[in-house]
Amino acid sequence: MMSPAHYLFLSLALFLIGCVGVVTRRNVIVVLMSIELILNAVNINLVLFSRIFGDAAGQVFALFIIADAAAEAAVGLGIIIAFFRNRETVLADEMDLLKW
Amino acid sequence: MLDSILFYFFGGVAVIGAALMVTRRNAIHSAVFLITTLLATAGIFLQLGAEFLFIAQIILYVGGIMVLFIFVIMLVRLDVALHHIRFRMKSLVVTIVIAVLGAEAGAIIYYARKLPGQGLFIQNMAPASNLTPNSEKLAQSLFTNYLLPFEIASVLLLVAMVGAVVMAKNKKRTEDS
């Protein structure tokens, strides 16, 4: 049986890669995908601790996070489509409508 | 033995897929590698005894959310983005800072088991039989203790659906008609 620390390290690695993606990428769609990766890393943690304590509550919260990710993706992609229609770009650097 | 082989297989696929997802220039390639990572994570869920989440991950994430992502990538013209790529010093600095923070968190997890009674304590796993009829246990928990969060989540999904339709609606066409 694998020790819990292995799963924690896997989750940590995915979380950090997701953080790097959010901060360094310029394409907003890829930034949203990195956020999905971060939520997924958190899900691994929740399922692991649900397994450690033998309680289904962690899996319930992981299910809520999946629902949350779906809502976030729908609204975020809607905003991206609306923005692309106005400005013809999806690059984060060029989203400077509030700059004067 | 089989357990660790499965763990390292799925974990390696997940981490490699995530790294490729972040570094690929083409957004479609990023999406495909993210799908790989999500499928590998579903395998990790299955290994941890969460069969319902395994199926929910594949159907919802891979079948729903990622199809939405690919749909939007195809809808939005991205060849503009590919021309303007240049190396930025800022992103290198940010990557180093995140790597240092990650090394710190990793050291905390690593030394937690070496120093019993001090700092963070990670206890061993309960027997897998505590969660055996997985969907039944999950449903029992979801519809008794967490009924109110469940209803709030359904309202959230409704709000997100309405919001997505409002955001993505073509306003010019409605003004003309």
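For every residue, the table says whether it meets (1) in contact (Cβ under 8 Å) with a residue 24 or more places away in the chain; (2) more than 10 Å from chain A (Cβ to nearest Cβ).
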site	(1), (2)
B:A14	yes, no
B:V22	no, no
B:A31	yes, no
B:L34	yes, no
B:T37	yes, no
B:G49	yes, no
B:I55	no, yes
B:V62	yes, yes
B:F69	yes, no
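Of all residues in the stretch B:1-12, which are among the small types (G, A, S) and either within 7 Å of chain A (Cβ to nearest Cβ) or on the phi > 0 side of the Ramachandran plot (or both)?
B:S4, B:G11
Considering only the stretch A:45-56, I want to know if a residue exists there that is at the interface with chain B (Cβ under 7 Å from one of its Cβ atoms) and touching a residue at least 24 places away in the same chain (Cβ under 8 Å).
Yes, because at least one residue in the stretch A:45-56 is at the interface with chain B (Cβ under 7 Å from one of its Cβ atoms) and touching a residue at least 24 places away in the same chain (Cβ under 8 Å).
Which of the residues spanning the stretch B:1-28 are surrounded by fewer than 17 Cβ atoms within 10 Å (Cβ to Cβ) and assigned to a helix (DSSP H, G or I)?
Within the stretch B:1-28, B:L2, B:D3, B:S4, B:I5, B:L6, B:Y8, B:F9, B:G12, B:I16, B:T23, B:I28 meet the criteria.
If you check A:T89 against the conditions, is it of a type in the set (S, T, Y), under 21 Å from B:A103 (Cα atoms) and facing chain B (nearest Cβ under 7 Å)?
no
All of the numbers you see were taken from the coordinates with simple rules; none came from a lab. Fair warning: this is a prediction, and the values are worked out from it, not measured in the lab. Positions of Cβ are generated from backbone atoms using ideal geometry, with glycine treated the same way; all protein chains shown enter the neighbour counts.
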